[in-house]
1. Quick one: among Gln255, Gln40, Gln223, which has the greatest mean-square fluctuation in a GNM of the chain with alpha-carbon springs under 10 angstrom?
2. Give, as a single signed number, the net charge of other residues whose beta carbon lies under 12 Å from the beta carbon of Thr62, with Lys and Arg counted +1 and Asp and Glu -1.
3. Could you work out the relative contact order of the chain, using alpha carbon pairs under 8 angstrom and six or more residues apart, expressed as a whole percent?
4. If the reach is capped at under 18 angstrom between alpha carbons, list the lysines near Lys164, excluding any in the same chain fewer than eight residues apart.
5. Given a Förster radius of 30 Å and the C-beta distance between Gln55 and Ala193 as r, what FRET efficiency does 1/(1 + (r/R0)^6) yield to the nearest 0.05?
6. In angstroms, what radius of gyration and Dmax does the chain have, counting Cα atoms only?
7. Arranged by the count of other C-beta atoms within 10 angstrom, fewest first, what order do Phe176, Phe241 take?
8. Size of the dipole of segment 4-82 about the Cα centre, Lys and Arg at +1 and Asp and Glu at -1 on the beta carbon, nothing else charged, in debye to 20?
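Just so it is clear, none of the values below were taken in a lab; they were calculated from the coordinates. Keep in mind that this is a model prediction, so the values were computed, not measured. We place every Cβ from the backbone using ideal geometry, glycine too, and count neighbours over all the protein chains shown.
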Amino acid sequence: MKIANLKGRLVVVVAEGQAVDVERASSGKFSPDVMSVYPQWNEFAAWAKTLDASQAAPFVETDLDSPVPAPRQIFAIGMNYAKHAAEGGFPVPEEPTIFTKFQSCITGPFAEVPIPVDGKNDWETELVAVIGKEARNVKAANAFDYIAGYTMGQDISERVTQGKGPAPQFSFAKSFEGYGPTGPVLVTLDEFADPNDIELGCTVNGDVRQSDSSSDLVFSVPQLVEYLSARLTLYPGDIIFTGTPSGVGLGRKPQVYLNVGEELVTWGKGIGEMRNKIVAAK
Ligand code: ZN
């Protein structure tokens with residue numbers, strides 16, 4: 001199943017460009033607010049299986065907003081692909097490296113991304129796992145039961161701010177307005193042949209900058225759920241940016257960053273494509 005946020009209303013995408021409005025199709029049993037569905041995920045997923053696809057209406061892809069616009073908690077994982085750790089000059093970590101992106105940076109899959117033009121604004125393509133059930137002390141073997149599905153994310157990062165100060169400021173430098181495009185849809189795990197092997201990548205103005213698979217994650221999605229939930233509670237609608245593969249601008253020789261006017265296209269196999277235009281921050 002694929003769900004999406006169409007102009008602020010929860011929909012089930014039943015075919016390319018065709019979606020069913022959940023609130024109407026369920027006669028009000030489920031709210032149009034996409035965030036409200038995650039705490040009732042299993043009930044919702046069971047209902048969605050009975051959905052009559054003939055109620056679908058056409059939609060325009062660029063009207064989609066983030067499928068998780070207001071997560072209670074956002075976790076992001078640093079250096080979670082070996083080649084990305086190496087390009088940053090770091091060893092492969094022995095434990096996950098965790099930071100947050102503040103909720104206000106979350107934006108849609110086709111939104112403009114405003115960048116400060118005096119910054120070094122970088123892309124980080126990431127698979128994003130969305131929690132569908134409260135999780136505490138969950139073992140990796142059972143972790144997929146706690147995931148509603150996957151979407152794609154860009155962990156856009158301003159490298160000057162990130163490196164400023166006596167200790168790195170990951171969370172702030174990765175949370176400027178619009179620095180968290182997510183989408184275009186949320187896809188349940190049963191749609192993937194192997195939920196530990198999702199191909200992903202990005203292009204900037206058509207030039208391939210990243211291309212890899214989540215099978216190369218140092219800490220897999222189930223391992224991240226185990227690690228995090230051993231220390232804190234994961235709530236429905238929380239999201240995990242699982243880390244970026246190699247190919248970021250910071251790791252290139254010479255370094256290259258996003259420029260105003262460019263289009264950043266982020267893709268995940270079986271999830272779809274986000275297209276974000278880079279504009280100047282006001
Ligand atoms: Zn990242």
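1. Among Gln255, Gln40, Gln223, the largest GNM mean-square fluctuation belongs to Gln255.
2. Result for the neighbourhood of Thr62: -2.
3. About 25 percent, as a whole number.
4. Hits, sequence-local ones excluded: Lys101, Lys120, Lys174.
5. Rounded to the nearest 0.05, the efficiency is 0.55.
6. Over the chain's Cα set, Rg and Dmax evaluate to 18.0, 58 Å.
7. If I rank by nearby Cβ atoms, fewest first, I get Phe176, Phe241.
8. Dipole about the Cα centre, nearest 20: 220 debye.
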